[in-house]
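Below: one structure, written as structure tokens.
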Amino acid sequence: MFKIIFSDIDGTLLNAERDLSEYTIETIRKLSKADIPFILISSRMPAAMRHLQKKMDIEHLPIISYNGGLIIVDGKVVSSTEIPIEILTELHKFNEHQNVHLSLFHNDEWYVPRDDFWTQREINNTRVQPEFESNQNVINKWRKESKGAHKIMAMGEEEKIDAIMTFLLQNFKDELHLYRSKPTYIEIAPKAISKLTAVQHLLDNHFRIPLSQSMAFGDNYNDVEMIRGVGMGIAVGNAKPEVLEIAHMVTTPGKEDGVAKSIMELLKI
């Protein structure tokens, strides 16, 4: 029997309006009554996840942000893995010639260098407002505060993103996870973590539930390890071929309530 569920958000849980359907909300509320925790696990920042938790009445539950780089339980950070400021500095130097958009994230801080197409797109996707600050000023600030980045988003023209990708692979392939979900995007995270390491951390330290009794939903490259590793890894129908291939089960697409339908079918709540 499955005692806990982890779900990705974008491409997995949301409908065509990039929101939660009433059916999904009702299903998650039923889970709560059945005492089965429903944990959001995403590359998003915490602020872009809390409004979704609120709609489902699961604000009391932990959240896993930044693909596992930040785990928050009862409002407190229990695990934080950051990209070192030195790597961010090197990337910034290289980017002076490329001038792609670098969004910098640390916990609930989100800094953008300018108000451009990419900024507006992310605001629209996440419903969170960033702070406007040059990459250099953020680096200076974080250096003083002994912080690194939980996530860096590089966004721009395909050939410039190619150049950034090549630079990072040549210099930091052992330190960084590079997720390229679109030709114009690279999502940069620390190599030491994944969604699966975060799931394992919460199960071991907070819930005391074995991995075999956990279920997870996802659609993208950053979900592969988690879907492969949990007791029941489910891919939504619109998932990348690599995810569909390793999933224990495939449900309907995310926009068609695939997560909620599977929960109802498998758990009979």
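The values are calculated or read from the model by the stated rules, or taken from the named source; none is laboratory data. The shown structure was predicted, so the numbers you read here are calculated from the model rather than taken from an experiment. No Cβ is skipped: glycine too gets one built from the backbone with ideal geometry, and neighbour counts run over all protein chains shown.
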note = Across the range 5-57, the tally of residues that are among the hydroxyl-bearing types (Ser, Thr, Tyr) and in contact with a strand residue (DSSP E or B) (Cβ under 7 Å, 6 or more places away or on another chain) stands at 4
request  = Go over the candidates Leu40, Leu31 one by one and state the one that is of a type in the set (A, V, I, L, M), outside the structural domain of Arg143 (by TED's automatic domain parsing), out of contact with any Asp or Glu (no Cβ under 9 Å at 6 or more places or on another chain) and modelled with pLDDT of 95 or more.
outcome  = Leu31
task = Report yes if some residue within the range 177-185 is touching a Pro at 6+ places or on another chain (Cβ under 6 Å) and either of a type in the set (Ser, Thr, Tyr) or in contact (Cβ under 8 Å) with a residue 12 or more places away in the chain (or both); otherwise report no.
result = no
task = State which residue is surrounded by the fewest Cβ atoms within 10 Å (Cβ to Cβ) when the search covers only the range 1-25 and only residues that are touching a residue at least 60 places away in the same chain (Cβ under 8 Å) and not in a loop (DSSP other than H, G, I, E, B).
result = Tyr23
request  = Could you tell me whether the range 81-91 includes any residue that is of a type in the set (Val, Ile, Thr), in contact with a Lys or Arg (Cβ under 7 Å, 6 or more places away or on another chain) and either in a helix (DSSP H, G or I) or without any contact (Cβ under 8 Å) to a residue 12 or more places away in the chain (or both)?
outcome  = yes
Every residue from the range 92-139 that is free of Cβ contacts under 8 Å to residues at least 60 places away in the same chain and of a type in the set (Ser, Thr, Tyr) = Ser103, Tyr111, Thr119, Ser134
ask   = Can Arg44 be described as among the charged types (D, E, K, R), closer than 21 Å to Gly148 by Cβ, in contact (Cβ under 8 Å) with a residue 40 or more places away in the chain and assigned to a loop (DSSP other than H, G, I, E, B)?
value = yes
inquiry  = If a residue counts only when it is touching a Ser or Thr at 6+ places or on another chain (Cβ under 6 Å) and over 22 Å from Arg180 (Cβ atoms), which helices (runs of 4 or more DSSP H) contained entirely in the range 194-268 have at least 2 such residues?
reply    = 258-267
remark   = Within the range 154-171, residues buried (at least 20 other Cβ atoms within 10 Å of the Cβ) and not β-branched (Val, Ile, Thr) come out as Ala154, Met155, Gly156, Leu168
ask   = From the residues in the range 141-153 that are part of a helix (DSSP H, G or I) and surrounded by 14 or more Cβ atoms within 10 Å (Cβ to Cβ), which one is nearest to the chain's Cα centre (by Cα)?
value = Trp142
query = Under the condition of being part of a loop (DSSP other than H, G, I, E, B) and among the hydrophobic types (A, V, I, L, M, F, W, C), which residue from the range 172-193 is surrounded by the most Cβ atoms within 10 Å (Cβ to Cβ)?
reply = Ile193
query = Can you find even one residue in the range 97-104 that is over 16 Å from Ser43 (Cβ atoms), at pLDDT 95 or above and in a loop (DSSP other than H, G, I, E, B)?
reply = yes
